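Presented below is the structure to which this report refers.
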Amino acid sequence: ARDPRFDILFTPLKLGSKTIRNRFYQVPHCNGAGTNSPGMNMAHRGIKAEGGWGAVNTEQCSIHPECDDTLRITARIWDQGDMRNLRAMVDHVHSHGSLAGCELFYGGPHAPAIESRTISRGPSQYNSEFATVPGCPGFTYNHEADIDELERLQQQYVDAALRARDTGFDLVNVYGAHAYGPMQWLNPYYNRRTDKYGGSFDNRARFWIETLEKIRRAVNDDVALVTRCATDTLYGTKGVELTEDGLRFIELASPYLDLWDVNIGDIAEWGEDAGPSRFYPIAHENDWIRHIKQATNKPVVGVGRYYDPEKMLQVIKAGIIDIIGAARPSIADPWLPRKIDEGRVDDIRTCIGCNVCISRWEMGGVPFICTQNATAGEEYRRGWHPEKFEPKKSDHDVLIVGAGPAGSECARVLMERGYTVHLVDTREKTGGYVNDVATLPGLGEWSFHRDYRQTQLEKLLKKNPECQIALKQKPMTADDILQYGASRVVIATGAKWSTTGVNHRTHEPIPGADASLPHVLTPEQVYEGKKAVGKRVMIINYDAYYTAPSLAEKFARAGHDVTVATVCGLGAYMEYTLEGANMQRLIHELGIKVLGETGCSRVEQGRVELFNIWGEGYKRSYKGAGQLPRNENTSHEWHECDTVILVTSRRSEDTLYRELKARKGEWEANGITNVFVIGDAESPRIIADATFDGHRLAREIEDADPQHQKPYKREQRAWGTAYNPDENPDLVWRV
Ligand code: FMN
């Protein structure tokens with residue numbers, strides 16, 4: 001039962017003509033479904049309603065083809081077909097007693113319109129500072145709207161609001177955060193007009209206010225009207241500042257609204273809102289948000305990676321916000337409110353703030369994933385419910401070797417299903433290499449991944465004393481496993497960084513790179529802390545993610561002179577997780593030297609030989625067998641250093657698996673039916689995907705071929721079927 005202290009989080013609140021049943025609000029967030037995959041969208045949002053979120057929103061939902069966000073896949077409410085697809089979500093959300101919200105999105109030039117090839121309208125002409133083409137901001141421009149076009153744009157909002165109402169949505173949210181839509185009119189950074197829609201605050205606010213007025217007139221009280229507003233764009237007087245335009249706008253627009261949905265920041269650096277745990281703790285927006293209620297008597301929803309019920313209580317009691325808004329915590333745990341309600345706070349699957357969910361949208365809106373919640377996005381596609389598991393189908397018991405992300409998740413799900421599981425590891429704790437990663441600067445909260453599984457495994461052990469978690473064990477051999485007595489064996493022994501500099505460019509070691517030498521280290525050897533590290537550290541980086549920049553930060557903070565030679569942008573993937581901008585600032589601030597587009601051709605004691613990866617020139621010509629078609633690369637130079645750290649590529653630790661496979665003939669006599677390999681031991685991958693793999697095997701272990709995943713439901717248009725209801729498609733193609 002619920003701890004009465006949390007009662008306040010479960011008090012209903014009137015939002016205009018609607019009532020939210022509690023204080024939990026899933027703010028708009030993309031999931032990769034858009035309106036193209038209505039099943040995925042319906043199931044993902046519906047499970048949140050089932051899990052107690054009082055309101056569940058769509059993602060950004062484009063109002064008109066003039067706002068076409070392709071390359072990204074996001075929702076649209078352009079026509080009957082979109083409405084029908086969104087209605088699946090609305091009905092499912094309603095069936096659990098929650099409100100459904102639709103976020104009306106008009107991106108201006110931030111939406112690249114790659115499919116529709118339309119040109120957006122805005123207060124002035126500008127090109128987008130957001131990376132609308134990967135790595136290339138400034139590529140898309142808009143058109144300055146005259147009065148006719150401005151009114152046309154407002155009408156697009158009104159028509160979309162009516163379609164949202166007719167779809168059954170309870171909340172209609174005019175999206176003016178993240179530098180989108182009407183924010184481009186309010187923000188002098190974009191708005192350079194000299195007519196009555198530009199210049200003074202009142203003039204810049206006019207477009208947004210009129211739009212709200214027009215929508216209100218059209219929808220009356222049929223829906224609750226919300227606007228999402230960035231109350232400070234975080235670039236000083238050139239943009240919107242909280243105590244200037246921010247609070248003034250809140251005051252001015254309040255009469256038209258039933259709810260405020262507030263945050264901070266813009267789109268080019270929207271990690272200031274969706275703050276990664278590397279840089280921002282829970283409730284990190286409150287220095288701004290705590291002022292909002294001075295300017296309005298309407299309810300306020302705010303965000304800040306609210307995963308902790310105690311913090312939620314604190315901000316509600318302090319009157320900072322009225323409703324807890326959450327995107328990432330609702331993805332990591334769709335049943336978060338319900339767990340608080342049922343007095344199961346320690347069962348909450350806490351968001352670790354890695355932003356891998358976001359990385360998928362940033363890449364182009366492919367189906368999203370979550371590091372903590374392996375079922376996120378898989379609810380419809382694979383029929384996985386985050387809290388419900390099919391009971392076991394056999395009495396096979398399972399030995400899992402390796403309690404890292406894949407092994408511990410596999411054990412958890414198998415134990416939830418009722419299987420007898422023995423989980424064995426050499427470390428003192430479950431979690432595998434997450435234990436190491438969480439010691440890197442800024443990544444402490446990634447240990448929530450281990451902690452959630454550890455807590456669940458301990459609880460499950462109490463339910464089934466036949467299960468066992470054996471830590472601090474000697475490494476198991478193939479003989480040990482054959483004699484163990486388990487009928488199914490899962491090898492989850494992880495991966496290790498190459499000790500010889502094997503990398504994706506040469507697929508070979510780097511000459512002289514040898515981590516058995518005292519001056520050469522792998523990341524694992526850094527974590528072990530047994531080898532001395534000299535003053536001048538050289539990190540050889542062929543990896544795209546956090547390891548090299550994190551190690552650079554670690555050693556720079558400890559007083560070393562750090563250089564990173566990197567073939568790809570340092571921490572390139574962190575652009576997608578929104579850690580990129582602040583990581584670059586940090587690298588700069590710590591005086592870390594970065595040599596870009598630089599490979600390493602040789603390692604010696606006291607020095608490394610580096611080269612420009614493009615140094616062989618662009619022209620090729622046939623020179624005969626044995627001759628390279630390009631010039632010799634003569635850019636090689638020696639750089640002195642005391643210690644070399646190799647962040648080149650990871651290798652599966654699969655020796656045990658291969659030995660067991662080679663002894664397949666002995667399985668039957670030892671009662672073994674299957675041996676599986678999962679996670680990094682099968683192929684190195686990010687933590688989210690290793691966790692997914694462990695989860696998948698546990699769900700599919702009784703299927704015909706559990707080592708290889710079974711097909712999932714695809715949502716695609718089938719040739720010869722109508723795209724839209726009532727449509728009679730002319731399926732004959734004529735030119
Ligand atoms: N905000 C929007 O207003 N519209 C969106 O479509 C949207 N997409 C998002 C996609 C993902 C995967 C995430 C994690 C966030 C998205 N956001 C979007 C931002 C969130 O609504 C929210 O403001 C931000 O993540 C901070 O809240 P949190 O700390 O609870 O995650």
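The values are calculated or read from the model by the stated rules, or taken from the named source; none is laboratory data. Quick caveat: nothing in here was measured; it's all calculated off a predicted structure. Here Cβ is always computed from backbone atoms with ideal geometry, including for glycine, and neighbour counts include all displayed protein chains. Heads up: the accessible areas ignore ligands, DNA and RNA and are worked out on the full protein's heavy atoms, side chains in. Shrake-Rupley method; radii C 1.70, N 1.55, O 1.52, S 1.80 Å.
Calculate the dipole size of the chain relative to its Cα centre from +1 charges on Lys and Arg beta carbons and -1 charges on Asp and Glu beta carbons; express the result in debye to the nearest 20.
Magnitude of the dipole: close to 640 debye.
Which residue, Ser621, Pro441, Tyr126, has the largest displacement toward the positive end of the dipole of the chain when charges sit on each Cβ (Lys, Arg +1; Asp, Glu -1)?
The one lying farthest along the dipole's positive direction is Pro441.
In region 72-179, what GluC sites (Glu not before Pro) fall in a loop by DSSP, with at most 11 other Cβ atoms inside 10 Å? Don't jump to the answer; show the numbers that get you there.
Details: sites: Glu103, Glu115, Glu129, Glu144, Glu149, Glu151; in loops: Glu115, Glu129.
Those that pass, being in a loop and sparsely packed, are Glu115.
Can you quote the Å³ per residue value for the convex hull of the Cα atoms in region 4-363, rounded to an integer?
Details: hull volume 41.9 nm³, N = 360.
Convex hull volume per residue, Cα atoms: 116 Å³.
With just the Cα atoms defining each centre, how far is region 618-684 from region 301-362? Give it in Å.
After rounding, the separation between the Cα centres reads 40 Å.
What is the packing order of peptides 684-692, 500-508, 227-235, taking the mean over residues of other C-beta atoms within 10 Å and listing the highest first?
227-235, 684-692, 500-508
Work out from phi, with θ = phi - 60° and the Karplus expression 6.51 cos²θ - 1.76 cosθ + 1.60, the ³J(HN,Hα) of each residue of region 628-633, listed in order in whole Hz, and give x for Gly and Pro.
5, x, 10, 5, 5, 7
For region 4-363, give the magnitude of the charge dipole about the Cα centre (Cβ charges: +1 Lys/Arg, -1 Asp/Glu; no others), in debye to the nearest 20.
Result for region 4-363 is approximately 600 debye, rounded to the nearest 20.
Find the relative contact order for region 368-448 and round it to a whole percent, using C-alpha pairs within less than 8 Å whose residues are 6+ positions apart. Walk me through the numbers before you get to the answer.
Numbers: 90 pairs, mean separation 18.3, N = 81.
It rounds to 23 percent for region 368-448.
With N set to the residue count of the chain, report its C-alpha Rg divided by 2.2 N^0.38 Å to two decimal places.
The reported ratio for this selection is 1.02.
So for region 173-243, taking the charge dipole from beta-carbon charges (+1 Lys/Arg, -1 Asp/Glu), which of Thr211, Ser200, Leu225 sits furthest toward the positive end?
Ser200
Cα centroid distance between region 26-85 and region 418-459, in Å?
34
Give the aspartates and glutamates whose C-alpha is closer than 16 Å to that of Lys393, dropping any in the same chain fewer than 8 places away, or say none.
Filter leaves Glu416, Glu700, Glu702, Asp703, Asp705.
Kindly rank 89-95, 574-580 from highest to lowest mean number of other beta carbons found within 10 Å of each residue.
574-580, 89-95
Quick one: pull the percent of accessible area on the chain belonging to carbon and sulfur, 1.4 Å probe, ligands and nucleic acids left out.
Whole-percent figure for carbon plus sulfur exposure: 49.
Taking every DSSP beta bridge that has both residues in the chain, what percent is antiparallel when rounded to the nearest 5?
That works out to approximately 20 percent antiparallel.
Using helices alone, what [θ] at 222 nm do you get for the chain, with -39,500 (n - 2.57) per DSSP H run of 4 or more residues, divided over all residues and rounded to the nearest 500?
Numbers: 20 runs with 200 residues, N = 735.
Calculated mean residue ellipticity at 222 nm is -8000 deg cm²/dmol.
Along the charge dipole of region 4-363, pointing to its positive end and built from +1/-1 on Cβ of Lys, Arg, Asp and Glu, which listed residue (Tyr307, Gly353, Ile250) has its Cα farthest out?
So the residue furthest toward the plus end is Tyr307.
Assign one of three labels to region 316-372, namely rounded, prolate or oblate, based on the Cα gyration tensor with a ≥ b ≥ c the square roots of its eigenvalues; rounded applies when a/c is under 1.5, prolate when it is not and a/b is larger than b/c, and oblate otherwise.
Cα axes put region 316-372 in the oblate bin.
Enter the accessible area per residue of the chain (Å², integer; probe 1.4 Å; all protein chains in place).
40
What does the charge count near Pro511 come to, summing +1 for each Lys or Arg and -1 for each Asp or Glu among other residues with Cβ under 12 Å from its Cβ? Can you show the working numbers first?
Working: positive: Arg602; negative: Glu508, Asp514, Glu604, Glu609.
After counting each charged neighbour, the total is -3.
Taking the Cα atoms only, what angle lies between the long axis of helix 448-463 and the longest principal axis of the chain, rounded to 10 degrees?
Between helix and principal axis, roughly 70 degrees.
What percent does the relative contact order of the chain come to when contacts are Cα pairs within less than 8 Å and at least six residues apart? Mind dumping the intermediate values first?
On the way: 1654 pairs, mean separation 84.0, N = 735.
Reported as a whole number, the value is 11 percent.
Pairs of lysine in region 4-363 with Cα under 18 Å and at least 8 positions apart or on different chains: total?
Close lysine pairs found across region 4-363: 9.
Search the structure for amide H atoms under 5 Å from the amide H of Ala376, placed 1.01 Å from N in the peptide plane, and list their residues when 5 or more places away or on another chain.
Answer set, sorted by chain and number: Cys370.
Decide, for region 450-524, between rounded, prolate and oblate: order the square roots of the alpha carbon gyration tensor eigenvalues as a ≥ b ≥ c, take rounded if a/c falls under 1.5, and otherwise choose prolate if a/b is larger than b/c, else oblate.
Numbers: a/c = 2.98, a/b = 2.16, b/c = 1.38.
Prolate is the answer for region 450-524, as a/c is 1.5 or above and a/b outweighs b/c.
Among the listed pairs Lys472/Lys530; Lys472/Lys593; Lys474/Lys531; Lys388/Lys462; Lys661/Lys710, give every one whose C-alpha distance is greater than 28 Å.
Details: Lys472/Lys530 19 Å; Lys472/Lys593 39 Å; Lys474/Lys531 23 Å; Lys388/Lys462 19 Å; Lys661/Lys710 22 Å.
From the list (Lys472/Lys530; Lys472/Lys593; Lys474/Lys531; Lys388/Lys462; Lys661/Lys710), the Cα-Cα distance tops 28 Å for Lys472/Lys593.
Which whole-angstrom value gives the distance between the alpha carbon centres of region 256-294 and region 507-546?
That distance is 39 Å.
Indicate the gyration tensor shape class of region 5-119 (rounded, prolate or oblate), computed on the Cα atoms with a ≥ b ≥ c the square roots of the eigenvalues: a/c under 1.5 is rounded; otherwise a/b larger than b/c is prolate and the rest oblate.
Prolate.
Between 0 and 90 degrees, rounded to the nearest ten: what's the tilt of helix 580-589 against the longest Cα principal axis of the chain?
70
Defining a contact as two alpha carbons under 8 Å apart and six or more residues distant in sequence, what relative contact order in percent does region 202-256 show? Before the final figure, lay out each step's value.
Details: 25 pairs, mean separation 17.0, N = 55.
Answer for region 202-256 is 31 percent.
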